[in-house]
Amino acid sequence: MNTPLTRPSLIARLTDRDDAEAWEAFHAIYQPLLERLLRQWGLQSADASEVIQEVFSAVTTAIEKYEARDHQGAFRGWLAQITRHKMVDLIKSNQRFPSTSGGSDFLRWLNEQPASESLSRWDIEHHRAIFRWAAERVRKRVQPQTWEAFFRTAVQGQTMSEVAQALSVDVGWIYVARSRVLTRLRETVSETAELTSEWRGPSDEM
Amino acid sequence: MKCNPQLLWTLVHQNLDPPQRSKKLFAHLETCGRCRDTLVELAGGTVWEKDASHWLEDLDSGLAESQPDDLSLLDLRFLEPPAHPEFLGRIGRYDIESVLGRGGMGIVLRGFDTELQRAVAIKVLAPEWTASDAARRRFAREAQAAASVAHESVVPIYNVGADASPPYIVMRYIPGVTLQQMVDRQGPLPAPLILRITSQLAAGLAAAHARSLVHRDVKPANVLVGENTDRVWLTDFGLARAADEARLTRTGTIAGTPHYMSPEQARGEPLDGRSDWFSLGCLVYFMSTGVPPFDAPSTLAILQQTISAKPKPLAKLRPDLPEALVDLVNRLLAKRPDKRPADLVAVDGALRLADLQISGRQGIMNRKVYRRLAAGILLAVLLVLGVWSTRSYWIANSAVSDQHAIPQPQPQLKNHQPTNPWNFETVDEDPDATKLQPLPDNQSNQQFAQQEIVHAIESIAGWDNDNFDREVQQIEMALEAASQALPQLFFFDNFE
């Protein structure tokens with residue numbers, strides 16, 4: 001697995017409250033991620049929203065004190081911790097929790113170590129959230145046909161000739177389209193993790 | 001066809017999706033395993049491909065309903081069929097390699113001049129240029145005039161295809177970014193870079209003004225910054241007029257950004273070179289702050305501000321800028337053309353002064369840093385030595401007769417007056433004399449060391465603030481003396 005798990009550059013930028021772009025990206029990635037996880041743990045939608053709101057406001061106030069640690073995944077461990085605290089708060093303040101299934105699932109999750117190297121459920125969802133976010137951004141930057149050519153062949157596993165026929169394009173064109181999408185996906189995902197800067201060709205804008 | 005990795009790189013990295021017409025190229029890709037591997041490698045290799053497809057597995061294909069940028073919907077049908085399948089198409093004698101971008105006037109292509117064997121940038125004009133014969137003639141006239149400006153800070157125009165459909169301009173290909181992109185990415189620029197860019201742009205504008213040509217559209221997006229940021233080029237000279245007239249004919253509105261327009265331009269009055277000076281002022285303001293001086297949500301409001309409002313004071317937004325530069329911007333932004341700098345000489349003079357002010361400030365900065373550093377080190381050394389010195393002095397004094405009349409450190413320090421600072425000039429006359437003396441015995445060694453330390457301490461008290469070089473010399477000498485004295489003290493002490 002050589003994909004980045006955490007986003008130091010973005011996280012560093014979050015300390016600037018006026019960096020709208022960074023905060024927007026943060027919300028775009030972590031809102032759906034937390035929503036998904038909390039619902040999986042059995043929280044109802046309203047409770048999940050409440051926890052998410054609490055987590056975000058805690059991040060906003062605490063981000064200045066957060067110091068990026070060297071190892072990958074530090075930020076998501078930190079965020080998992082905040083989420084855990086906020087869920088504890090919710091459960092403490094809410095009598096109905098101990099009896100619901102959400103409570104027991106949640107307790108199980110509480111006992112997991114978020115910093116462990118294994119891809120826990122949290123990590124898996126974190127990964128997925130970053131890729132979804134990146135996909136959304138890349139999709140806006142290419143023609144619908146280019147995206148479709150990539151998605152159908154690379155993700156949905158349809159054959160080249162099948163897709164070429166469906167989109168009435170050449171198979172060779174699909175190879176280029178795939179490469180274009182994958183390149184931009186990689187750029188966008190690594191933008192979140194400040195991978196070692198790669199060689200860049202001459203600027204393609206003017 | 002043969003494999004061409006560079007072309008593949010371009011196809012993958014260019015902003016626009018490749019057109020589907022290059023049948024030969026795609027047929028080649030379909031059968032050539034090597035080129036397909038290259039495409040996979042360009043995108044990050046098979047591992048990345050697997051990663052991406054894994055993590056996107058449960059993504060609904062209908063996730064995004066948002067519209068793609070209109071850039072990607074660009075129609076390249078006007079291109080003639082390519083001479084080689086490696087290219088996107090052909091215009092005249094130019095093979096089109098890729099699409100560089102799109103501006104208000106049309107799209108910019110990267111091409112290759114087959115006759116002169118060089119890379120070129122080709123600006124192909126948007127359809128409104130061809131709306132009427134009059135528009136076409138106007139374009140031809142303006143483009144020819146622009147081509148006549150030969151200056152190192154103006155993008156050279158190689159060729160004008162005024163009669164082609166659509167018309168196009170062939171320019172030198174300059175790899176790099178626009179000033180707009182540069183500031184968007186980096187934020188406000190450092191003062192020395194602002195001076196460098198301003199001076200080049202002013203020279204380029206003046207060269208055009210000398211030919212009675214007004215740029216009319218000086219803005220960051222029309223300034224190309226070379227890859228090492230040392231050089232900048234102005235582009236789209238004079239074309240704004242033809243473009244505006246063409247647009248006005250068509251839509252009756254002003255298109256493009258009004259942020260850099262002069263007041264007279266906003267009022268639709270006749271223009272001369274001084275209008276460009278105003279726009280240059282806006283541009284310098286933008287480089288310094290990251291935002292144009294006049295900004296509002298609507299075009300009309302911007303024009304209104306340009307005509308009547310004062311921008312936020314640059315000196316407050318960028319207190320680090322040299323005064324002469326701030327002053328120059330204020331003069332460039334004068335509402336009345338006759339209040340702006342008269343010519344390049346005036347602009348250049350201000351820039352030179354600003355440059356001097358920057359180097360002057362750096363000098364002060366360096367002096368301060370140096371002085372603090374030196375004083376800090378010296379104090380630390382002397383604190384240590386001072387303890388030794390005082391202690392050993394009294395030990396030595398008790399054992400030494402009065403014939404060794406050495407100065408007493410404490411009274412001397414107390415009696416020290418600013419009017420009578422320790423005078424190193426005696427040392428200056430023969431600075432090495434003390435070092436060259438044959439080694440005295442331990443006692444006088446120690447006394448000598450003490451003297452040196454007392455000198456050093458006093459030299460701090462006697463600093464003449466107006467004579468920095470002397471101070472530095474004194475510090476250095478005192479440090480050297482102190483370092484020579486140190487072993488003596490230790491030796492004597494231990495020996496006893």
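No value in this document is a laboratory result; all are computed from the given coordinates. Computed from a predicted model, the values in this text were never measured in an experiment. Positions of Cβ are generated from backbone atoms using ideal geometry, with glycine treated the same way; all protein chains shown enter the neighbour counts.
Here are the numbers for this structure:
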item	result
Footprinting exposure proxy for B:GLU30, B:GLU41 (fewest neighbouring C-beta atoms within 10 Å first)	B:GLU41, B:GLU30
Residue order, fewest to most beta carbons within 10 Å, for B:ILE157, B:ILE91	B:ILE91, B:ILE157
Whole-angstrom gap from the range B:6-55 to the range B:193-241, using each part's C-alpha centre	38
Vicinal HN-Hα couplings computed from phi for the range B:312-321 (Karplus, 6.51 cos²θ - 1.76 cosθ + 1.60; Hz; Gly/Pro x)	4, x, 5, 4, 7, 6, 10, x, 7, 6
Average partner coverage of B:15-21, which counts Cβ from other chains inside 10 Å	6
B:ARG267 versus B:GLU323: modelled label distance in nm, points set 7 Å from Cα along the beta carbon direction	3.3
Label point distance in nm, B:CYS32-B:THR114, each placed 7 Å from Cα along Cα→Cβ	1.9
Label-to-label distance, nm, for residues given as A:LYS140 and B:ALA375 (7 Å Cα→Cβ offset)	5.5
Calculated over the range B:281-350: convex hull of Cα atoms, volume per residue (Å³)	86
